[in-house]
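Okay, structure first, notes after.
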């Protein structure tokens, strides 16, 4: 499909005469004024029209492909109807609305005739996952299951039909998907120029590398919305009506079948004669006007693209937290959904704006569509895969600089930290590039009988959609569902062990929290505050279950890689020494030899990434927060101040009346990497705790023999340069763990830095020394800066300082150590 997309032949095509004639009409687009007045300018727009329509003929799906997709849809309907007789499988998206390229995926939605239209899109995430799990078990004999994505915004089951070579995405459908599909299909029928324009815009966006929502540029649906809005808001003649004028009687339809009949009758509605083909502008002139509109006319900073109203809206009145630098596109039916929010970095918007200016400039110069879409030296993705740092080793979503999302909104204060919480899932402690909802997108399916057994559909926590709507409207009504419907009425709940909710055996999605809170409130019958806290506790349990399953899955993959590495090492050793192949490797000897041929000595050994909390260290300099126990003495305050001077980019926090939980949460929310807590006994510092944020680990040290700077004679002034680190005699696995925790408190120094910090292990006591050095000839002169002290590790926890339930990674038990000469570090 990509090869076909990138090798389009722009050939002559038979076109209606009213699509080409632009030079003789008074109602032509203002772009014609920017071209010369001779016949060459008119011919250039005629050629652009010919190229655009020829592109449509090249890329649109043929009749056999459409027939195959209909057959796949019918097969899915037949299989699922055996379990749910009232279900309907409806196609939506680009394959149904006529705006999809040939070879694109088929989007199918699962609907139920016995459920009201208003309820179709309000299934809880848990219920959607359960329905798709059951559908997966039913369809795996007819189709090849490629992927199951339960944690996406809309859970999806990806299928592949070998017979017709059709890829299919199945989800629990909502009414908005049907309305969007009907709206675009209607616009395509209303004016025959809309489809070739949409194909040209989407083809241009794909070729120029700005059509990838996962990497921070706009989706194909977003570009289609931009085109529709341009045709609605033209200054001369509006070609398309606004969306809200087409669905005036929509609220009367209660069943899916009635809704489909209503949507099929949309083209028969009476419209103003000014819409549709009343305008005589050619396809080429409209395409050039589209580029001109978003390059020079539309105000990205203040306006919102609104297909619903047909006119721009103000960002400050539309959104509660508007982003000024990013183009904002209102979904015509999900009014609080900004389609342009996928642009997570300012450079992504800059790339899109540059492409609009480039396209408008080339159209003004009379270039052909092939030249406008072709790659040149200005294409950012010609020699790079990341538009943020121009690197070829990663995508934009994986870029270390992608987390710096600037936001110049007028509603936010200037001191707002650019490293905010993940806006994709709303959770704290990570960013969108590392969000578990994006990274963990597949669950290995080994046997659907076992899956169905482990994840029964009729769980006691399932609630009917009608009940949810009653909760949302604060009414107590009852609505019966068909016995074949996958959404069962709530069963009598058994007594749960924790948080008053039953155990969960399926992957849960944590969004939206408001729904789970409402269901929990109705089920328990308690007060609003108690039920809200119970709902939040339930959501926390579900999130932990999901994260735990993700961890075990990735840990299993790492285990397989390590096992493969060990087997290859055994085979290499046997071949090298001329020994017979081990018995356990004879069955896989052929595949192992094939793997060895392509081994890279540098990257051959697997790396433990899942359990490494410091895998992203080095991307940014560490930020340290130093605090003390409550009511610190003057000596402890002085010691804390000197500790702050040791670590670059560190600050000292006054403890005051704040709890440990407050300190950890504050440090985490302000993107601090570590929190150091100093304690004392009778005015003498005796303990230091290093807590790595946001997830841990936490190392507990006893501190002794502290000597402050003013007690050191001939002490040197502390330099502000980043220090070199000397780690001596950390030989065991625990010693390497401790050295890893301590060394990541310091940023990477420059080569000419004259400052050095020594951490030397002697009999499990870590001596801390701080010096500056001066080199004269072959001699090096050291001068101590202070302070100096000794550390002894006694505990390492996998969580943060405020998590009392965190698992102990290691604890010192001297009374159990019978080997006196054994060294821990």
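Residues are listed down the side, and each one gets a yes or a no for (1) assigned to a strand (DSSP E or B); (2) buried (at least 18 other Cβ atoms within 10 Å of the Cβ); (3) at positive phi; (4) out of contact with any strand residue (DSSP E or B) (no Cβ under 9 Å at 6 or more places or on another chain):
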residue	(1), (2), (3), (4)
58	no, yes, no, yes
72	no, yes, no, no
80	no, yes, no, no
90	yes, yes, no, no
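Residue 725 fulfils the conditions (1) touching a residue at least 40 places away in the same chain (Cβ under 8 Å); (2) touching a helix residue (DSSP H, G or I) at 6+ places or on another chain (Cβ under 8 Å); (3) assigned to a strand (DSSP E or B) except for a single criterion, (1). Here residue 644 fulfils each of the conditions (1) modelled with pLDDT of 90 or more; (2) under 27 Å from residue 719 (Cα atoms); (3) part of a loop (DSSP other than H, G, I, E, B) apart from (3).
Within segment 552-585, the residues that satisfy the criterion of being surrounded by 11 or more Cβ atoms within 10 Å (Cβ to Cβ) and assigned to a loop (DSSP other than H, G, I, E, B) are 581, 582. In segment 700-740, of all residues being under 41 Å from the mean Cα position of the chain (by Cα) and buried (at least 19 other Cβ atoms within 10 Å of the Cβ), the one that is farthest from residue 811 (Cα to Cα) corresponds to 723. Residue-level check: of (1) modelled with pLDDT under 90; (2) in a strand (DSSP E or B); (3) farther than 16 Å from residue 712 by Cα, residue 782 misses just (3).
If the requirement is being at negative phi, assigned to a loop (DSSP other than H, G, I, E, B) and touching a strand residue (DSSP E or B) at 6+ places or on another chain (Cβ under 6 Å), which of these qualifies: 730, 768, 773? Give the derivation first.
Values: 768 fails: assigned to a loop (DSSP other than H, G, I, E, B); 773 fails: assigned to a loop (DSSP other than H, G, I, E, B).
After applying the criteria, what remains is 730.
Can residue 535 be described as at positive phi and either over 22 Å from the mean Cα position of the chain (by Cα) or modelled with pLDDT of 55 or more (or both)? Judged against the criteria, residue 535 is not a match. If you take the residues of segment 586-613 that are surrounded by 10 or more Cβ atoms within 10 Å (Cβ to Cβ), in a loop (DSSP other than H, G, I, E, B) and at pLDDT 75 or above, which of them is nearest to the chain's Cα centre (by Cα)? Applying the filter and picking the extreme gives 588.
Which residue out of 291, 333, 356, 314 is surrounded by fewer than 18 Cβ atoms within 10 Å (Cβ to Cβ) and under 30 Å from the mean Cα position of the chain (by Cα)? Step through it out loud before you land on a result.
Numbers: 291 fails: surrounded by fewer than 18 Cβ atoms within 10 Å (Cβ to Cβ); 333 fails: surrounded by fewer than 18 Cβ atoms within 10 Å (Cβ to Cβ); 356 fails: surrounded by fewer than 18 Cβ atoms within 10 Å (Cβ to Cβ).
Only one candidate qualifies: 314.
Scanning segment 204-248 for residues that are assigned to a helix (DSSP H, G or I), touching a helix residue (DSSP H, G or I) at 6+ places or on another chain (Cβ under 8 Å), surrounded by fewer than 19 Cβ atoms within 10 Å (Cβ to Cβ) and modelled with pLDDT under 90 gives 213, 214. With respect to (1) within 37 Å of the chain's Cα centre (by Cα); (2) in a loop (DSSP other than H, G, I, E, B); (3) surrounded by fewer than 17 Cβ atoms within 10 Å (Cβ to Cβ), the lone exception for residue 746 is condition (3).
Identification of strands (runs of 3 or more DSSP E) wholly contained in segment 116-182 with 3 or more residues that are touching a helix residue (DSSP H, G or I) at 6+ places or on another chain (Cβ under 8 Å) and either touching a residue at least 12 places away in the same chain (Cβ under 8 Å) or farther than 25 Å from residue 244 by Cα (or both) yields 156-161, 166-172.
The values are calculated or read from the model by the stated rules, or taken from the named source; none is laboratory data. Every value quoted in this text rests on a predicted model; they were computed, and no experiment measured them. We place every Cβ from the backbone using ideal geometry, glycine too, and count neighbours over all the protein chains shown.
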